[in-house]
Amino acid sequence: MSEQIERLKTLIIGSGPAGYTAAIYAARADLKPVMYTGMEPGGQLTTTTEVDNFPGYPEGIDGPTMMVQLQQQAERFGTEVRIGMVTAVDFSDEVGGIHKVTVDDTKTIEAESVIISTGATAKYLGLPSEERLKGGGVSACAVCDGFFYKGQEVAIVGAGDTAAEEASYLANICKKVTMLVRKDHMRASKAMQHRVNSLKNIEVKYNTEVEEVLGDQVVEGLRMVNNQTGDKEDIAITGLFIAIGHKPNTGIFKDQLDMDDTGYIITEGKSTKTNKPGVFASGDVQDKEYRQAVTAAGTGCMAALDAERYLAAVESKEAIAV
């Protein structure tokens, strides 16, 4: 590894609504933030064709354009946005300590504060047809995209509380919802199962999996297979929602930061503070409840404010010591 070391006041790891909002606030507070975008600049929204529920866009906006505009706004105030992947971290345990971060296995960053906004990745089924039709009717967020299928017939894959909640949401706006459950029972709570079963336009198919998503440019149907009998069935749908969970992008922070049993970073109370002084987490990397662009942006703002207050307290302490 080359001895290429750079010292920063504030380092932001990851882009997306949380990272860019943190960058805007940090730059305006003169924290001189530098952002490393990771391998997917802009995060999950770059795979979303239309965003209709972010405040300030009355006509809606496509995800990639929104991320470009957020980046431009962050850069306008002085954020330096760099393409690169953080590959290792060594966070200090001391208040006022220096955090060491390695980028692309070659460059060492020393940062007085770090904001983590690496997000979470939706789990998919892994089918070629599913991959091909992402953004063309295949979605991992019913709350984000369900509105576009109002009055239409859709399907959802999943068996937990999130799947049941999203199926219920879709049932309120769609003509029919077909829910595919891989086993002979749901994992969802009894209350959520009761809600699903009480809605007449939700049909639950147990022991059923997706064999293929049908359609060339957009979703036109679904080929299902019963994993007990092998029987196959095609249905006509316009949207397929995958609700089998998310994986937080926190692998490099393992053994450094406190996380829950699914890998989400634990933050202190209503703040974005982690168990390491000067290290903050925002967005989907620490939020498994809401997972919306606007809530991610909100926690990005919080992280920048927390970082600003932390650095001010450290500088004040150092001034008194001198």
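The values are calculated or read from the model by the stated rules, or taken from the named source; none is laboratory data. Note that the coordinates shown come from a computational prediction; the quantities given were computed from them, not determined experimentally. Cβ coordinates were reconstructed from backbone atoms using ideal geometry, including for glycine residues, and neighbour counts include every protein chain displayed. Side chains are part of the model used for accessible areas, which takes the heavy atoms of the whole protein and leaves out ligands, DNA and RNA. Shrake-Rupley method; radii C 1.70, N 1.55, O 1.52, S 1.80 Å.
How long is the gain from R132 to K200 if the chain were fully straight, where each residue apart is worth 0.36 nm and the alpha carbon distance is subtracted?
Extending this stretch completely gives an extra 21.3 nm.
Could you tell me the ratio Rg/Rh of segment 122-248? Both radii from Cα atoms, Rh via Kirkwood.
In segment 122-248, Rg relative to Rh is 0.93.
Rounded to whole Å and ordered largest first, report the semi-axes of the equivalent ellipsoid of segment 11-61 derived from its Cα gyration tensor (root of 5λ).
Listed largest to smallest, the semi-axes of segment 11-61 are 23, 15, 5 Å.
Pop out the ³J(HN,Hα) list for segment 268-277 in order, Karplus 6.51 cos²θ - 1.76 cosθ + 1.60 with θ = phi - 60°, rounded to Hz; leave Gly and Pro as x.
Karplus values, whole Hz, x for Gly and Pro: 7, x, 8, 8, 10, 6, 9, 7, 9, x.
How big is segment 187-322 along each principal axis, measuring the range of its Cα positions in Å and listing the largest first?
Over segment 187-322, Cα extents along the principal axes are 77, 37, 29 Å.
Please state, as a whole number in µm²/s, the translational diffusion coefficient that the Stokes-Einstein equation yields for segment 195-275 at 25 °C and 0.890 mPa s, with Rh defined as the Kirkwood radius across alpha carbon pairs. Intermediate values should be presented prior to the final figure.
On the way: Rh = 16.7 Å.
Here the translational diffusion coefficient equals 147 µm²/s.
Take the alpha carbon atoms of segment 139-154, find their center, do the same for segment 13-44, and report the distance between the two centers in whole angstrom.
Computed from Cα coordinates, the inter-centre distance equals 29 Å.
Using the C-alpha atoms of segment 46-123, what convex hull volume per residue, in cubic angstrom, is computed?
Dividing the Cα hull volume of segment 46-123 by its residue count gives 158 Å³.
For a label point 7 angstrom out from the Cα of T65 toward its Cβ, which stretches of segment 129-152 have the backbone nitrogen within less than 20 Å?
Label zone hits: 135-137, 144-149.
Take the Cα atoms of segment 57-175, find their three principal axes, and give me the spread along each one in whole Å, biggest first.
56, 34, 31
What net charge do the residues around N249 carry, taking every other residue with its C-beta under 12 Å from that of N249, with Lys and Arg at +1 and Asp and Glu at -1? Please report the intermediate quantities before stating the final value.
On the way: positive: K247, K254; negative: E40, D284.
Net local charge, N249 excluded: 0.
Of the listed pairs K270/K317; K288/K317; K205/K254; K134/K273; K183/K273, which have alpha-carbon separations greater than 29 Å here?
Pairs exceeding the cut-off: K288/K317; K205/K254; K134/K273; K183/K273.
Please work out the C-alpha center-to-center distance from segment 178-198 to segment 258-272 and express it in whole Å.
Each part's Cα centre sits 28 Å from the other's.
Averaged across orientations, what area in nm² does the convex hull of the alpha carbons in the chain project?
It is 18.6 nm².
For segment 150-201, what number results from the quotient of the Cα radius of gyration and 2.2 N^0.38 Å?
Values: Rg = 10.1 Å, N = 52, 2.2 N^0.38 = 9.9 Å.
Taking the Cα Rg and dividing by 2.2 N^0.38 Å, one obtains 1.03.
What per residue convex hull volume, in Å³, do the alpha-carbon atoms of segment 1-90 yield?
Taking only Cα atoms, segment 1-90 has a hull volume of 104 Å³ per residue.
Which percent of the accessible area of the chain is formed by carbon and sulfur heavy atoms (probe 1.4 angstrom)?
49
Express in whole angstrom the spacing between the alpha-carbon centres of segment 302-322 and segment 72-107.
18
If the chain between F148 and E233 were fully stretched, how many nm would it gain, using 0.36 nm times the residue separation less the Cα-Cα distance?
Full extension of this stretch gives 28.1 nm more.
When only alpha-carbon atoms count, how far does segment 254-293 stretch along each of its three principal axes, as whole angstroms with the largest first?
27, 20, 15
Under a 1.4 Å probe, what is the accessible area of the chain per residue, stated in Å²?
49
Report the net charge of residues surrounding C301, where surrounding means a beta-carbon distance below 12 angstrom and charges are Lys +1, Arg +1, Asp -1, Glu -1.
-1
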